[in-house]
Amino acid sequence: MSDMERWRGRVALVTGASVGIGNATARALAQQGMQVVGCARDVDKIRETAAELQQAGAAGRLYPVKCDLTVEAEIRAMFDNIESEHGGVDVCINNAGLALKDPLLTGSFEAFRTMTDVNILAPTLCSQLAVQQMRKRGVDDGHIITLNSMAGHRFAVVAFAITAMTEGLRRELREIKSHIRASCISPAIVETEFATRMHEDDPQRGRDLYASIECLQAKDIADSVLYILGAPPHVEIHDILMRPTEQTT
(Lines give C-alpha, C1' and ligand atoms only; values in the text may rest on other atoms or scores of the structure.)
Protein backbone atom coordinates (compact mmCIF):
# COMPACT_ATOMS: atom_id res chain seq x y z
CA MET A 1 0.00 0.00 0.00
CA SER A 2 1.41 3.38 -1.00
CA ASP A 3 1.45 6.35 1.36
CA MET A 4 -1.20 8.01 -0.85
CA GLU A 5 -3.55 5.04 -0.77
CA ARG A 6 -5.67 6.47 2.06
CA TRP A 7 -6.50 9.49 -0.12
CA ARG A 8 -7.90 7.44 -2.99
CA GLY A 9 -11.48 8.45 -3.73
CA ARG A 10 -11.35 11.46 -1.43
CA VAL A 11 -11.90 15.08 -2.44
CA ALA A 12 -9.26 17.73 -3.01
CA LEU A 13 -9.71 21.36 -3.98
CA VAL A 14 -6.88 23.00 -5.95
CA THR A 15 -7.15 26.74 -6.53
CA GLY A 16 -5.49 28.26 -9.58
CA ALA A 17 -5.58 24.90 -11.34
CA SER A 18 -5.52 26.14 -14.92
CA VAL A 19 -1.75 26.48 -15.35
CA GLY A 20 1.61 26.00 -13.66
CA ILE A 21 1.88 24.52 -10.18
CA GLY A 22 -1.87 24.27 -9.72
CA ASN A 23 -2.36 22.34 -12.94
CA ALA A 24 0.53 19.98 -12.18
CA THR A 25 -0.84 19.40 -8.67
CA ALA A 26 -4.37 18.72 -9.90
CA ARG A 27 -2.96 16.20 -12.38
CA ALA A 28 -0.86 14.46 -9.73
CA LEU A 29 -3.74 14.14 -7.27
CA ALA A 30 -6.13 12.81 -9.92
CA GLN A 31 -3.52 10.30 -11.02
CA GLN A 32 -3.32 9.16 -7.39
CA GLY A 33 -7.06 8.45 -7.41
CA MET A 34 -8.43 11.59 -5.78
CA GLN A 35 -11.56 13.42 -6.88
CA VAL A 36 -10.09 16.84 -7.64
CA VAL A 37 -12.00 20.09 -7.95
CA GLY A 38 -9.84 22.57 -9.85
CA CYS A 39 -10.87 26.19 -9.83
CA ALA A 40 -9.82 29.25 -11.82
CA ARG A 41 -11.40 32.28 -13.44
CA ASP A 42 -10.88 30.64 -16.86
CA VAL A 43 -11.60 26.92 -16.76
CA ASP A 44 -10.95 26.05 -20.42
CA LYS A 45 -7.46 24.70 -19.67
CA ILE A 46 -8.77 22.77 -16.68
CA ARG A 47 -11.36 21.14 -18.94
CA GLU A 48 -8.58 20.16 -21.35
CA THR A 49 -6.58 18.64 -18.51
CA ALA A 50 -9.64 16.78 -17.23
CA ALA A 51 -10.24 15.28 -20.67
CA GLU A 52 -6.57 14.25 -20.97
CA LEU A 53 -6.66 12.56 -17.57
CA GLN A 54 -9.86 10.68 -18.37
CA GLN A 55 -8.52 9.57 -21.75
CA ALA A 56 -5.31 8.36 -20.11
CA GLY A 57 -7.28 6.29 -17.61
CA ALA A 58 -6.37 8.22 -14.48
CA ALA A 59 -7.56 6.61 -11.25
CA GLY A 60 -9.32 9.81 -10.17
CA ARG A 61 -11.11 12.67 -11.90
CA LEU A 62 -10.69 16.41 -12.28
CA TYR A 63 -13.77 18.64 -12.08
CA PRO A 64 -13.43 22.23 -13.38
CA VAL A 65 -15.14 25.00 -11.40
CA LYS A 66 -15.15 28.65 -12.37
CA CYS A 67 -14.36 30.92 -9.41
CA ASP A 68 -12.97 34.42 -8.96
CA LEU A 69 -11.05 34.24 -5.70
CA THR A 70 -11.33 38.00 -5.17
CA VAL A 71 -15.10 37.60 -4.70
CA GLU A 72 -16.22 36.17 -1.35
CA ALA A 73 -19.61 35.08 -2.66
CA GLU A 74 -18.01 33.02 -5.43
CA ILE A 75 -15.70 31.26 -2.97
CA ARG A 76 -18.61 30.39 -0.69
CA ALA A 77 -20.70 29.22 -3.67
CA MET A 78 -17.82 26.99 -4.80
CA PHE A 79 -17.65 25.30 -1.39
CA ASP A 80 -21.43 24.87 -1.35
CA ASN A 81 -21.15 23.21 -4.76
CA ILE A 82 -18.38 20.90 -3.57
CA GLU A 83 -20.48 19.88 -0.58
CA SER A 84 -23.58 19.16 -2.67
CA GLU A 85 -21.75 17.42 -5.53
CA HIS A 86 -18.92 15.63 -3.72
CA GLY A 87 -19.80 15.61 -0.02
CA GLY A 88 -17.11 18.05 1.07
CA VAL A 89 -13.39 18.79 0.97
CA ASP A 90 -10.78 16.49 2.50
CA VAL A 91 -7.72 18.30 1.15
CA CYS A 92 -7.48 22.01 0.31
CA ILE A 93 -4.53 23.18 -1.82
CA ASN A 94 -4.34 26.98 -1.69
CA ASN A 95 -2.23 27.45 -4.80
CA ALA A 96 -3.56 30.56 -6.56
CA GLY A 97 -1.37 33.62 -6.17
CA LEU A 98 0.05 36.58 -8.00
CA ALA A 99 2.73 39.25 -7.68
CA LEU A 100 2.65 42.83 -8.91
CA LYS A 101 5.67 45.11 -9.25
CA ASP A 102 4.49 47.58 -6.63
CA PRO A 103 7.00 48.38 -3.87
CA LEU A 104 5.83 49.48 -0.43
CA LEU A 105 6.94 53.09 -0.82
CA THR A 106 5.52 53.78 -4.27
CA GLY A 107 3.00 51.02 -5.04
CA SER A 108 -0.67 51.70 -5.66
CA PHE A 109 -3.38 50.95 -3.13
CA GLU A 110 -5.29 49.00 -5.79
CA ALA A 111 -2.30 46.72 -6.39
CA PHE A 112 -1.94 46.07 -2.66
CA ARG A 113 -5.66 45.30 -2.44
CA THR A 114 -5.46 42.82 -5.35
CA MET A 115 -2.46 40.99 -3.89
CA THR A 116 -4.10 40.89 -0.46
CA ASP A 117 -7.40 39.58 -1.84
CA VAL A 118 -5.82 36.76 -3.85
CA ASN A 119 -2.78 35.85 -1.75
CA ILE A 120 -4.09 36.31 1.81
CA LEU A 121 -7.87 36.64 2.10
CA ALA A 122 -8.73 33.91 -0.42
CA PRO A 123 -6.56 31.18 1.15
CA THR A 124 -7.70 32.25 4.61
CA LEU A 125 -11.38 31.90 3.67
CA CYS A 126 -10.78 28.67 1.73
CA SER A 127 -8.98 27.20 4.74
CA GLN A 128 -11.79 28.23 7.07
CA LEU A 129 -14.52 26.76 4.86
CA ALA A 130 -12.52 23.58 4.21
CA VAL A 131 -12.04 22.96 7.92
CA GLN A 132 -15.73 23.62 8.54
CA GLN A 133 -16.68 20.99 5.96
CA MET A 134 -14.21 18.50 7.38
CA ARG A 135 -15.42 18.90 10.95
CA LYS A 136 -19.06 18.79 9.87
CA ARG A 137 -18.42 15.32 8.41
CA GLY A 138 -16.19 14.14 11.23
CA VAL A 139 -13.05 14.20 9.05
CA ASP A 140 -10.11 14.45 11.44
CA ASP A 141 -7.26 13.66 9.06
CA GLY A 142 -7.79 16.39 6.46
CA HIS A 143 -5.03 18.62 5.19
CA ILE A 144 -4.61 22.28 4.22
CA ILE A 145 -1.58 23.02 2.02
CA THR A 146 -0.80 26.59 1.02
CA LEU A 147 1.70 27.59 -1.65
CA ASN A 148 3.96 30.28 -0.26
CA SER A 149 7.36 31.54 -1.42
CA MET A 150 10.94 31.63 -0.20
CA ALA A 151 10.35 35.38 -0.13
CA GLY A 152 7.76 34.74 2.56
CA HIS A 153 10.61 33.89 4.93
CA ARG A 154 12.78 36.87 4.05
CA PHE A 155 11.30 40.14 2.81
CA ALA A 156 7.98 39.96 0.92
CA VAL A 157 5.19 41.37 3.10
CA VAL A 158 2.29 39.57 1.41
CA ALA A 159 4.10 36.22 1.26
CA PHE A 160 5.21 36.55 4.88
CA ALA A 161 1.54 36.86 5.83
CA ILE A 162 0.98 33.33 4.46
CA THR A 163 3.72 32.04 6.76
CA ALA A 164 1.95 33.62 9.72
CA MET A 165 -1.50 32.47 8.58
CA THR A 166 -0.38 28.84 8.32
CA GLU A 167 1.16 28.87 11.78
CA GLY A 168 -1.96 30.51 13.21
CA LEU A 169 -4.14 27.89 11.51
CA ARG A 170 -2.00 25.07 12.88
CA ARG A 171 -2.20 26.45 16.43
CA GLU A 172 -5.98 26.93 16.28
CA LEU A 173 -6.43 23.36 15.04
CA ARG A 174 -4.35 22.05 17.94
CA GLU A 175 -6.38 24.14 20.40
CA ILE A 176 -9.60 22.44 19.29
CA LYS A 177 -7.89 19.01 19.52
CA SER A 178 -8.12 18.47 15.76
CA HIS A 179 -5.70 16.29 13.81
CA ILE A 180 -6.29 18.23 10.59
CA ARG A 181 -2.84 19.29 9.42
CA ALA A 182 -1.61 22.57 7.92
CA SER A 183 1.44 22.87 5.70
CA CYS A 184 3.23 25.34 3.45
CA ILE A 185 5.42 24.85 0.42
CA SER A 186 7.80 27.76 -0.17
CA PRO A 187 9.62 27.48 -3.50
CA ALA A 188 12.01 29.98 -5.04
CA ILE A 189 12.11 30.29 -8.85
CA VAL A 190 9.68 27.91 -10.56
CA GLU A 191 9.43 27.97 -14.35
CA THR A 192 5.74 28.76 -14.89
CA GLU A 193 3.83 31.76 -16.26
CA PHE A 194 4.33 33.63 -12.98
CA ALA A 195 7.32 35.80 -13.94
CA THR A 196 6.06 36.68 -17.41
CA ARG A 197 2.72 37.72 -15.95
CA MET A 198 4.42 39.81 -13.28
CA HIS A 199 6.51 41.52 -15.97
CA GLU A 200 3.62 41.83 -18.42
CA ASP A 201 5.05 45.12 -19.71
CA ASP A 202 8.30 43.31 -20.56
CA PRO A 203 7.66 39.54 -20.83
CA GLN A 204 11.18 38.93 -22.09
CA ARG A 205 12.46 39.83 -18.64
CA GLY A 206 10.58 36.87 -17.20
CA ARG A 207 11.80 34.56 -19.96
CA ASP A 208 15.39 35.70 -19.37
CA LEU A 209 15.03 34.91 -15.67
CA TYR A 210 13.94 31.37 -16.41
CA ALA A 211 16.73 30.92 -18.96
CA SER A 212 19.42 32.11 -16.54
CA ILE A 213 19.46 28.91 -14.43
CA GLU A 214 17.90 25.47 -14.33
CA CYS A 215 14.69 26.38 -12.50
CA LEU A 216 12.36 24.31 -10.41
CA GLN A 217 9.49 22.86 -12.42
CA ALA A 218 5.79 22.72 -11.55
CA LYS A 219 6.06 18.94 -11.20
CA ASP A 220 8.70 19.38 -8.50
CA ILE A 221 6.17 21.27 -6.40
CA ALA A 222 3.41 18.77 -7.15
CA ASP A 223 5.74 16.00 -5.96
CA SER A 224 6.19 17.94 -2.71
CA VAL A 225 2.41 18.03 -2.27
CA LEU A 226 2.32 14.25 -2.62
CA TYR A 227 5.17 13.94 -0.12
CA ILE A 228 3.30 16.04 2.44
CA LEU A 229 0.02 14.15 1.97
CA GLY A 230 1.82 10.82 2.08
CA ALA A 231 3.40 11.46 5.48
CA PRO A 232 2.07 9.29 8.35
CA PRO A 233 -0.83 10.86 10.27
CA HIS A 234 1.38 11.62 13.28
CA VAL A 235 3.80 13.64 11.12
CA GLU A 236 2.99 17.25 10.26
CA ILE A 237 5.34 18.76 7.67
CA HIS A 238 4.95 22.42 8.48
CA ASP A 239 6.97 23.94 5.64
CA ILE A 240 9.09 22.83 2.72
CA LEU A 241 11.60 25.42 1.51
CA MET A 242 13.06 24.64 -1.90
CA ARG A 243 15.10 26.46 -4.50
CA PRO A 244 16.98 25.59 -7.69
CA THR A 245 20.46 24.30 -7.00
CA GLU A 246 21.91 27.01 -9.26
CA GLN A 247 20.03 29.90 -7.63
CA THR A 248 22.33 32.19 -5.66
CA THR A 249 19.88 34.57 -3.97
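Only Cα pairs under 8 Å and 6+ residues apart enter the sum, and on that basis the relative contact order of the chain stands at 18 percent.
Per residue, the chain reaches -13500 deg cm²/dmol at 222 nm when only DSSP H runs of four or more residues are counted, each adding -39500 (n - 2.57). Summing charges over all other residues whose Cβ lies under 11 Å from the Cβ of Leu121, with Lys and Arg as +1 and Asp and Glu as -1, gives -1.
Computed with the Debye formula from one identical point scatterer per Cα of the range 77-145, without solvent, the log10 of I(q)/I(0) at q = 0.21, 0.23, 0.24 Å⁻¹ comes to -0.84, -0.93, -0.99. Surface composition of the chain: carbon and sulfur make up 52 percent of the accessible area, probe 1.4 Å. Restricting the calculation to alpha carbons of the range 201-242 gives Rg and Dmax of 15.4, 47 angstrom. Each residue of the range 1-93 gets 85 Å³ once the volume of the Cα convex hull is shared out per residue.
In plain terms, the C-alpha convex hull of the chain casts an average shadow of 13.8 nm² when viewed from every direction. Altogether, the Stokes-Einstein calculation at 25 °C and 0.890 mPa s, with the Kirkwood radius of the range 18-164 over Cα pairs as Rh, returns a diffusion coefficient of 151 µm²/s. Note on Glu193 and His234: with the Förster distance fixed at 35 Å, the Cβ-Cβ geometry gives a FRET efficiency of about 0.40. Taking all protein chains into account, the per residue accessible area for the chain stands at 50 Å² (1.4 Å probe).
Normalised by the number of residues in the range 53-176, the mean separation of alpha-carbon contacts (under 8 Å, six or more apart) gives a relative contact order of 25 percent. Counting only pairs 8 or more residues apart or on different chains, how many lysine pairs in the chain have their Cα atoms under 25 Å apart? Number of lysine pairs found: 5.
The values are calculated or read from the model by the stated rules, or taken from the named source; none is laboratory data. Keep in mind it's a predicted model, so treat the numbers as computed, not measured. Positions of Cβ are generated from backbone atoms using ideal geometry, with glycine treated the same way; all protein chains shown enter the neighbour counts. The protein model used for the area step is the full one, side chains on, heavy atoms only, and it has no ligands, DNA or RNA in it. Shrake-Rupley method; radii C 1.70, N 1.55, O 1.52, S 1.80 Å.
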